[in-house]
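The structure appears right after this line, and notes come after that.
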């Protein structure tokens, strides 16, 4: 599915799907990644893509999605 898509299109899908899988809002994901909610909206809208550092953080979340929890409105990954 991702082979014929641009990097922005892949990021758009991956970011939104991951966020929904782990059950976080754009604001909570933004806080975890250290970016603004507008940045998350931009990624999910296909307007821009994450920096290499943030792409790595997103990949880390994907690898540990089963360990993600929200505590006091903040996304954390257990056991990492």
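Each reported figure results from applying straightforward, stated rules to the coordinates on display, with no laboratory input. Only a predicted model underlies this, so the values are computations on that prediction, with no experimental measurement involved. Ideal geometry is used to build each Cβ from the backbone, glycine not excepted, and the neighbour counts take in all protein chains shown.
Worth pointing out:
- For first residues located in the range 53-80 and more than 14 Å from residue 29 (Cα to Cα), partners that are in a helix (DSSP H, G or I) and lie 6+ apart or on another chain with Cβ distances below 8 Å form the pairs 78/67; 79/67; 80/60; 80/67.
- The residues of the range 15-47 that are loosely packed, with under 14 Cβ neighbours inside 10 Å, more than 18 Å from residue 77 (Cβ to Cβ) and either touching a residue at least 24 places away in the same chain (Cβ under 8 Å) or touching a strand residue (DSSP E or B) at 6+ places or on another chain (Cβ under 7 Å) (or both), listed by number, are 45, 47.
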